[in-house]
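A quick write-up on the structure given underneath.
The values are calculated or read from the model by the stated rules, or taken from the named source; none is laboratory data. Because the structure is a prediction, the values reported are computed rather than measured. Heads up, the Cβs are rebuilt from the backbone with ideal geometry, glycines too, and the neighbour counts pull from every protein chain shown. The accessibility values were calculated without ligands, DNA or RNA, using every heavy atom of the protein model including side chains. Shrake-Rupley method; radii C 1.70, N 1.55, O 1.52, S 1.80 Å.
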Amino acid sequence: MTDQRTILISGAGIAGPALAYWLEARGWSVTVVETAPGVRPGGQTVDLRGAGREVVERMGLMPTARELSMEQRGIAWVDESGRHRAEMPVDVFDGDGIVSEIEILRGDLAGLLHDATRDRVEYLFGTRITALDETPDAVTVTLSDGSVRTVDLVVGADGPHSTVRRMAFGPEEQFVRPVGGYTAWFTAPDHVGLDGWYEMHNAPGGLAVSMRPDSTPGGAKASFSFASEPLDYDRRDVDEQRRLIADRFAGVGWQAPALIDAAQLAEDFYFDAIVQVQMDRWSRGRIVLVGDAGYCPCPLTGMGTSLALVGAYVLAGELDRADGDLHRAFVRYEEVLRPYVERGQELPGGGMRMYAPKSGLWIRLGRLITRAMVSRVGRPLAKRAFFSHAYDIDLPEYPAAVRS
């Protein structure tokens, strides 16, 4: 190891900048590469809950995170006319229900982490890793701009379709597990007057349409989700994905027709399979994974942000504690984090079958179950069963950061 330890992180979403924050404060020289031209804006609303919230507190960023958080009243399931048929208010499970106490747009959280690190961390946007050459003493990284870096450690924080994971561990299909559906997210006009509610409409055939508040007046974050076996489509062809959504949701009521039109124009349209990433190990030599690249839990769990933040915190702490012994640091990283990851990857009861029911009978049953869960009698049982265990981890106390 050199006097100043060097690290290259692939991915400037949540896990990458969070890891950069903790390692730079402990004396590492940190470079973050990101294929996008800048911090990705928008995206769906993500939760700050449980241990993830505690990590943000320890970073000293919670006051700003609260300022950026969305005013939300909860989630409501609506019929074709928009009537609320079942509701789960945000405070019903002490702020840890499907909609949590602190919800923040993914792009806003990524921007907050970038702002907290950009003066001390080198960011290379519009850049990706094209080759990794590992030796016992270092990793030589070739970047898409033609430059070559030699560093002590490479971290893949580049999402469920991680390039670093593919280069170091093997093909994606070895680790990515379909959950049984697909989802599209994009920005759309708020035609319904959401008034703080995250509204969802289910239609027979495993179809779900939703809208939730955006940070811009008159705007919303919309989604189309559907249950499906794996589909053959081009992940790079956004127009094909828009047509796929239009065909799949043709004839669906509520706001589906207007949102199909909005999806055709949305610049931030994003479509992907709903997947989990499951791996026996998250490190190999001098290469390690953090966040969705190593243990994506899938959006149905609501745990992706917490796993990314906690994973970055634990990895940085164990690297610091191991004082250059990467093997020891990675062993401890997995020992501390894996039980939390396994709980966080547990799908809520029914999985896609409850999120996007196939029949009208199951749609009605889901509403009845929701009303029972939020009733005074049902709340304690539902909280223990669905809204508490996955968020708990005894966060280690690591030596204080040395940032001046």
*Can you tell me which residues in segment 213-240 are outside any loop (DSSP other than H, G, I, E, B), out of contact with any Lys or Arg (no Cβ under 8 Å at 6 or more places or on another chain) and more than 14 Å from Y198 (Cα to Cα)?*
S225, V238, D239, E240
*What number goes with the only condition from (1) more than 22 Å from D195 (Cβ to Cβ); (2) buried (at least 18 other Cβ atoms within 10 Å of the Cβ); (3) among the hydrophobic types (A, V, I, L, M, F, W, C) that F125 does not pass?*
(2)
*Residue ID - farthest from A316 (Cα to Cα), chosen from residues in segment 46-84 that are in a strand (DSSP E or B) and of a type in the set (V, I, T)*: V78
*Which condition breaks for L309 when tested against (1) in contact with a helix residue (DSSP H, G or I) (Cβ under 8 Å, 6 or more places away or on another chain); (2) more than 21 Å from R5 (Cβ to Cβ); (3) among the aliphatic types (A, V, I, L, M); (4) open to solvent by 10 Å² or more (accessible area, probe 1.4 Å)?*
(4)
*Out of the residues in segment 128-158 that are among the small types (G, A, S) and buried (at least 20 other Cβ atoms within 10 Å of the Cβ), which is farthest from I287 (Cα to Cα)?*
A157
_If I filter segment 200-209 for residues that are surrounded by fewer than 16 Cβ atoms within 10 Å (Cβ to Cβ) and closer than 24 Å to G74 by Cβ, do I get at least one hit?_
no
*For segment 90-106, state whether one or more residues are over 24 Å from W254 (Cα atoms), assigned to a loop (DSSP other than H, G, I, E, B), of a type outside the set (D, E) and open to solvent by 30 Å² or more (accessible area, probe 1.4 Å).*
no
*Just one of (1) in contact (Cβ under 8 Å) with a residue 24 or more places away in the chain; (2) in contact with a Phe, Trp or Tyr (Cβ under 8 Å, 6 or more places away or on another chain); (3) farther than 22 Å from T45 by Cβ; (4) not basic (K, R) trips up E240, so point out which.*
(1)
